[in-house]
Amino acid sequence: MVAALLPVKSVMPVRSTVRSLRLAPLAVAMGLLTACASGGGAKPQPSATVEALYGQLDQASKGYETALQQVRAGDAQSAQATLTHSLDQLKDSAARCGNTPGCDPQRFFSVFDRLLRLKDGSSIGDESLDNESDESTAALPTQGGASSLPQAQRSVTLLRGHNLSDLIAMNGPVKAALEMWLTQWRPNLMDAYVNYQYLRNEMWPQYEKADLPEALLFGLIAKESGGKVHAVSRSGAAGPLQFMYATGLRFGLTSDSGFDTRFDPTQSARANAEYIDEQLKVFNDNLELTLGAYNGGEGHMRRVVGSDTTVSFYDPRVYNQLSQETRDYVPAVLAAAWLFLHPDSYNLKFPNVNGEPGKVTLKRQASISELTVCLGSAGGMYDGWFRTLRNLNPRLDPQQEQPVGMNVALPKSLESVYAARCTDGPWPILASDLHNAVVPVAPQLYRASGRYLEQHRAPARVHRRQGSGADQQPQIPSRTCWPGAEAAGLSLSHAFSQTFEMRTIANVLA
């Protein structure tokens with residue numbers, strides 16, 4: 001298991017030394033190389049100058065490895081000196097390559113990618129776990145995309161005990177997906193990360209038991225639901241990991257007292273881990289094919305792949321027979337997983353989230369919605385706590401008031417906030433007033449769709465044909481905005497005027 005997947009405390013002792021082992025100083029040099037990258041055509045033999053740059057690159061790479069070994073051995077002073085010299089070499093050779101005819105920038109991209117993997121595979125961890133802000137960042141250049149695939153790519157496999165980042169091929173589709181997560185999908189990625197951190201205590205143990213990487217779980221959540229436990233797709237897939245009904249049943253996601261357990265974070269993560277484990281065995285530990293099966297159906301993927309499970313997902317024999325959704329899905333999941341491991345290397349900063357679970361026993365009747373109002377933006381949650389409370393209490397109707405004595409799950413950091421804001425004082429009173437607000441219900445006659453008119457014109461035509469009178473009109477059911485108002489003889493207009501008058505008086509008195 002990579003250090004980035006371990007608890008924060010396990011990597012803290014080396015944090016002060018780690019901060020200097022970033023690849024951020026290469027950002028400018030790599031940016032220069034991007035403009036120089038070109039493809040196509042046979043390349044001449046490199047000149048002596050180019051060979052010298054390649055030699056400097058190799059020395060810098062070996063020096064970086066030595067620095068990592070020195071850190072592991074506890075020799076921070078030597079590691080710093082070695083690292084400084086190596087990074088200076090790497091920056092210098094990368095910058096000179098951009099101005100030297102015949103120098104291949106892709107060679108430098110590959111070294112940069114390799115050093116990222118070396119860092120991840122060490123006990124150093126990832127800077128994203130640090131509490132301090134990080135102004136030094138680096139970015140991997142992106143080239144190509146799904147439209148320009150090579151004939152075959154290295155198969156991406158998941159082998160127990162191997163680092164996930166060692167197994168993700170940094171090819172065109174993954175790079176294109178990285179760009180999407182860092183641009184158009186960036187808000188979704190950040191929301192997914194925050195939602196996952198509050199669900200982590202329920203979901204991650206299920207993956208850990210199955211010996212699967214946490215980054216893969218996050219990649220799936222980010223792509224499938226964004227960490228919204230009650231997400232339902234147009235095709236009927238439901239829950240944080242979007243199980244179809246039949247597939248969910250196969251992995252034990254059934255109905256529990258009327259509750260669809262596909263919406264249960266723990267059960268959904270368990271079922272997902274079992275599914276991934278099953279399909280990895282089917283596809284000979286080929287993670288890309290497994291993810292393709294998860295999205296496009298294992299039956300279809302098996303037919304496409306046939307008996308050769310060593311084939312790459314990007315082999316035209318496979319890739320060209322998949323839907324566009326599946327072609328996009330696999331690299332998107334892998335790219336989100338990669339960013340989970342290496343956020344700082346892509347100018348990405350995930351927020352610090354204290355997801356320690358807690359609970360409160362209600363001191364007064366309240367719904368999830370009311371609790372959201374009285375908790376406000378506590379803890380800097382400017383979007384409010386509705387999504388988190390909804391995720392942590394998937395069996396509760398968010399609009400249904402829960403009785404006194406009911407236990408409600410929430411982040412532990414909110415326990416004291418609940419006691420201060422939601423048990424007494426103005427906020428729970430305001431929340432209750434808003435929650436119980438009356439909304440008048442307009443008769444269906446005035447709905448834009450016109451379906452109500454069609455429903456009641458037909459009976460009118462029948463009456464006329466039966467000689468019941470041309471002037472006879474169908475009866476429009478009375479609709480009121482108060483429960484029981486109809487029984488009390490109140491019309492819609494009367495009920496609304498009474499409601500408006502009482503709310504106006506209350507506002508004046510307040």
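Stretching H435 away from H300 to a fully extended chain increases their span by 43.8 nm, per 0.36 nm per residue minus the current alpha-carbon distance. Available extension along the chain between V282 and D191 is 29.4 nm, counting 0.36 nm per residue and deducting the alpha carbon span. Using Cβ point charges alone (K and R +1, D and E -1), the dipole size of region 262-394 about the Cα centre works out to roughly 540 debye. Computing FRET efficiency as 1/(1 + (r/R0)^6) for S47 and A231, where r is the C-beta to C-beta distance and R0 is 45 Å, gives about 0.20.
A 1.4 Å probe over all protein chains sorts H435, H300, H85 by accessible area into H85, H300, H435, starting with the largest. Structure note, pairs K223/K412; K175/K228; K91/K223; K62/K209; K91/K349: Cα-Cα distances above 30 angstrom occur for K91/K223; K62/K209. Net charge of the neighbourhood of L414, taken over other residues with C-beta under 15 Å away and scored Lys/Arg +1, Asp/Glu -1, is +2. Electrostatic bookkeeping for S367 treats Lys and Arg as +1 and Asp and Glu as -1; over the other residues with beta carbon under 14 Å from its beta carbon, the sum is -1. Using R₀ = 51 Å, calculate the FRET efficiency as 1/(1 + (r/R₀)^6) where r is the Cβ-Cβ separation of Q321 and K412; round to 0.05. E(calc), rounded to 0.05, equals 0.55.
Quick check: net charge around Y54, other residues with Cβ under 12 Å of its Cβ, Lys/Arg +1 and Asp/Glu -1?
Local charge sum for Y54: -1.
So for each of 392-402, 349-359 I average, over its residues, the number of other beta carbons within 10 Å; can you give me the resulting order with the highest mean first?
392-402, 349-359
Here the calculated FRET efficiency for T309 and K62, from their Cβ-Cβ distance with R0 = 45 Å, stands at 0.80, rounded to the nearest 0.05.
The values are calculated or read from the model by the stated rules, or taken from the named source; none is laboratory data. Every value quoted in this text rests on a predicted model; they were computed, and no experiment measured them. Reconstructed Cβ throughout: ideal geometry from the backbone, glycine too, with neighbour counts over all protein chains shown. In case anyone asks, the SASA skips ligands and DNA or RNA and just uses the protein heavy atoms, side chains included. Shrake-Rupley method; radii C 1.70, N 1.55, O 1.52, S 1.80 Å.
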